[in-house]
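Just so it is clear, none of the values below were taken in a lab; they were calculated from the coordinates. Since this is a predicted model, take the numbers as computed values, not measurements. So basically every Cβ, Gly included, is an ideal-geometry build from the backbone, and we count neighbours across all protein chains shown.
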Amino acid sequence: MNKFDFETIADSIDYGFGTDFSMEHTMMAGAQLHVKTAPSVIRALKGLSEAGLFGWTPSDEKKYIDATVNWMKTVREWNVRKDWIVPSYGILQAMCTSIRAFTDPGDGIIIQPPVYLLYARAIDRCGRNLVNNPLVYKGDHWEMDFVDLEEKMSRPENKLMLLCNPHNPTMDVWEKKDLERVARLAAKYHVLVVVDEIYAEHVWEEGLMVPYGALSDAEHNCIVCTSLGKSFNFTGTSHANIIIPDDAIRGAYITQRNSDHYGSLSPFMRAALLGGYTKEGKEWIEALMEFSGENEKIVRDFFAENFPKVHFCRHRAGTLLWADFREMGTEEEVYAWFQKAGVEPDLGSKYGEEGRGFLRLQIGMPKRGLNYALERIKKAYVKE
């Protein structure tokens, strides 16, 4: 029996924010889980609130940095030096800071759609050009097109790549051989790689997740973005630890970060990290992944029995499922079906045209809510 409670519906609507997890309307869109965060994080935040001290925390505070170094070593199996860690306001802000620090207006930024939709928005807001290196669908998983990637990297105007690992929305994990190939190409063509590893703690298979910055070809040509956000269902806050092994890159990043005024560390994030980056915090994540696996089986079994034309992609991280609904109708028809059922999914086209006809489904919720949503999906379907 799981010692953590994932079956109580967590809802913050009474406090003026959050998602109304109504039993008649189920949010399967978005990254927010419908469960409470780790008890160790909650206790840490309660302790801060009771102390009543909410001033800014120095970004180089020793306990915070030591906890981060220890977490990276014991959980991520990555030996990170203290001076590599740059606390920042959030991963998207860190990406924008990186883009402004290392590229000029009009330069190209490479992304791999279908991919998290806000990457394209960040590139546009920074006045840079979006360069797509689309992933290739192989029936149950997606692969990188390295021929196209090399062609894009070889162009001198394309100076930076945003890499997502684990990949969102497919929720698969790039294997070491793929990452090494990216690193070699990036080094060859002098393309800086900014890696979003926000889902790294949610990888299911031990040893599968390889920190990009630990690769020999990547250490001096990368910026690695980490955060509490997805690890502890803390997405309503802005926080990131940016890890930059190379001294020159780190110096240029910090200069731009300070110019962007994203350098302050919230005392709430300090408390949350010190509560989360602990033995109990690690146990909570492991229990969450076990719970997610149970929910995934429920969802896969349901669609296999009732809608066998729905095909789920390989899922090796997180609480999100990426599924091919194209045999069930157009994206608009599938969305209308889910709306009739009172279920809100993420449409695949949000992540690029390559994702059209797919849905991203959040399954991190109590089983009674999940099962009731599936029942409504079944009842709402109308055969042609």
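Provide the packing ranking of 93-100, 315-322, 77-84, 341-348, i.e. peptides ordered by the mean count of other C-beta atoms within 10 Å per residue, highest first.
Packing order, densest peptide first, comes out as 315-322, 93-100, 341-348, 77-84.
What fraction of the DSSP beta bridges in the chain is antiparallel, stated in percent and rounded to the nearest 5?
55
Most mobile of G127, G275, G213 per a Gaussian network model of the chain (Cα springs, under 10 Å)?
Maximum fluctuation in the GNM of the chain, among the listed residues, is at G127.
Measuring from centroid to centroid over Cα atoms, what is the spacing of region 223-258 and region 100-154 in Å?
One Cα centre to the other: 20 Å.
Rounded, prolate or oblate for the chain? Axes are the square roots of the Cα gyration tensor eigenvalues, ordered a ≥ b ≥ c, and the cut-off for rounded is a/c under 1.5.
In terms of gyration-tensor shape, oblate.
Neighbour counts of other C-beta atoms within 10 Å: give me L33, L117, L53 arranged from fewest to most.
Working: L33 24, L117 16, L53 9.
Fewest-to-most ranking of L33, L117, L53: L53, L117, L33.
Once every DSSP H run of n ≥ 4 in the chain is given -39500 (n - 2.57) and the sum is divided by its residues, what mean residue ellipticity at 222 nm do you get, rounded to the nearest 500 deg cm²/dmol?
Roughly -12000 deg cm²/dmol at 222 nm, from the helical runs in the chain.
Need the full-extension length gain, E151 to D247, defined as separation in residues times 0.36 nm minus the C-alpha distance. One decimal, nm.
Contour length minus Cα-Cα distance gives 31.7 nm.
So which trypsin sites (Lys or Arg not before Pro) in region 251-295 end up in coil per DSSP with only 12 or fewer other C-beta atoms within 10 Å?
Sparse-neighbourhood loop trypsin sites (Lys or Arg not before Pro): none present.
Could you name the aspartates and glutamates whose alpha carbon sits less than 17 Å from that of K350, not counting residues in the same chain fewer than 8 places away?
Counting by Cα, and skipping residues close in sequence, K350 has these aspartates and glutamates nearby: D124, D324, E331, E332, E333.
So for region 42-278, if I pair up every lysine 8 or more residues apart or on another chain, how many of those pairs have alpha-carbons under 21 Å apart?
Within region 42-278, the lysine pair count is 16.
Under a crude label model (7 Å from the Cα following the beta-carbon direction), how far is D140 from K188 in nanometres?
For D140 paired with K188, the spin-label model returns 3.2 nm.
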